[in-house]
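One structure is given below, encoded as structure tokens.
None of the figures in this text is laboratory data; all of them are computed from the coordinates on show. Just so you know, these numbers come straight off a predicted model, no measurement behind them. Glycine also receives a Cβ, built like all others from the backbone with ideal geometry; neighbour counts cover every protein chain displayed.
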Amino acid sequence: MKEQKVWVTMKDIQRYKVLKDVLDKRLKGIEAAQLLNLTPIHISRLKTRLLKRGFEALLRRTPPSPPNKRINDSLTKEILKLLQDFYYDFNILHFKDKLGENHDLQLSYESLRQILIKAGEPNPKKKKKVHRQRRRMPKAGMLVQRDSSQHQWLKHIPEKWWLVAMIDDATNEVPYARFFPKDTLFANMHVLRRFIEIKDLFMSLYVDKASHFKTTRHGGLPVEVGPEQDDTQIERALEELGITLIPANSPQAKGRRFRLFQDRLIKEMRLAGIKDYEEANKFLQDKFLLWHNQRYMLEAESSYMPLPQEKNLDLIFGIKKERTVNHDDTLSFNGQIIQIPPSTIRLSFAKARVEVCLLEDNRIFVLHKGKVIAESILSKDSKTIKKEKKIEELLNQREYQPKILPVRNEPPKKISTPLQIIPGGSPSGSGTDKSMWG
């Protein structure tokens, strides 16, 4: 029988001496862990091995094996050519993943980084500001984050589109996301509805303080807020579904995973040859989200609840406004007259308060105590529609402006003219720039 050899190093001898002192009660396990740079749990494992099998339990049976694949000059040239031809704007981790997925080249992150450093290739990965993150929710469906980003997602199309996505805080799953030309109310309602249709009802929604979600207020008081503006349409829809709306104090407080979309999604669409946003939405939902969820989704117990049968998502995710019916059973909505036909519910709806619900496809439903009593189609020439479109265009122009910080050690400048105080406002010349995150 062939004699089996062992490989003894100075590190093994040092471990044995320290562990022997632990067994002889001359050292504590925590002290041994500090000396050997190991965890106390691993020290306990090594003690058990030493007691059962002696000194040989700490040794390796063969000398350290050489690396499985040596990186020679030919392999280095192949990697650099792939980088220059296809992956020139990828960061190191993304490049490493594509080498494994598309070219069967399995390299460690550090090996690839050393190759790129020696070749003088810059790392396109930008330094990012690290923000303190909240503790992740223990169950899926307890908190869902909604985020949107305006960006030039396709390099050959100059117009910036909006990506609206929702992510489960506990699992990192993104069941649905979509590109939109504008960040409109109906765009956000569409994403909310599709998320519920895919995953069922969740407990709370975490969003920024955009006007779609929260009524803008100054100094804690409403400013020109009418009875119909106390709650936004999305607040009303979420309340009907029993979902709590949680506005974030800053955009950085929300996202855990959306930065990855702005990095990898753009490059993956370039590799796939995506030509327009119709193809981009198909690629996003059929391929990218599947890849993302398979790789980054975590396991967690679910707290999603099924949608009650009496809830109609068509009527929930629409624009609802209250109206009073005229004596002739008509009402005015968005500049047009709607006639309420005869009904078995009551003889006449004159002076009754009803809800008018406008859907994304311009269908109109009139509701009385939750029941549909009339239907109509909104005219495309409505002045109200044109006015709301202008408002949406103004909302879509919101962006965060960089803060201009004062230079340190610079003496304050003297004010040559006194400030004028405007009633109900701030001193002239000292107005604070307000911006919204897109």
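Look at the Cα gyration tensor of region 10-58: its axes a ≥ b ≥ c give a/c under 1.5, and that counts as rounded. By the count of other C-beta atoms within 10 Å, a proxy for reagent exposure, 153, 291 are ordered fewest to most as 291, 153.
Fewest-first ordering of 108, 149 by other beta carbons within 10 Å of each residue's beta carbon gives 108, 149.
Beyond 32 Å between alpha-carbons counts as too far, so tell me which of 311/351; 282/371; 199/380; 81/282 fall in that bin.
Numbers: 311/351 27 Å; 282/371 37 Å; 199/380 34 Å; 81/282 30 Å.
Those over the limit are 282/371; 199/380.
By the scheme Lys and Arg +1, Asp and Glu -1, what is the net charge of all other residues having a beta-carbon under 14 Å from that of residue 201? Before the final figure, lay out each step's value.
Values: positive: 139, 193, 194, 199, 311; negative: 168, 197, 200, 239, 240, 310.
Charge balance near residue 201 sits at -1.
Sequence-ordered 3J(HN,Hα) estimates for region 30-36 from the Karplus curve with 6.51, -1.76 and 1.60 and θ = phi - 60° stand at 5, 5, 5, 4, 5, 5, 9 Hz, glycine and proline given as x. Taking label positions 7 Å along the Cα-Cβ direction at both residue 104 and residue 118, the computed distance is 2.4 nm, reported to one decimal.
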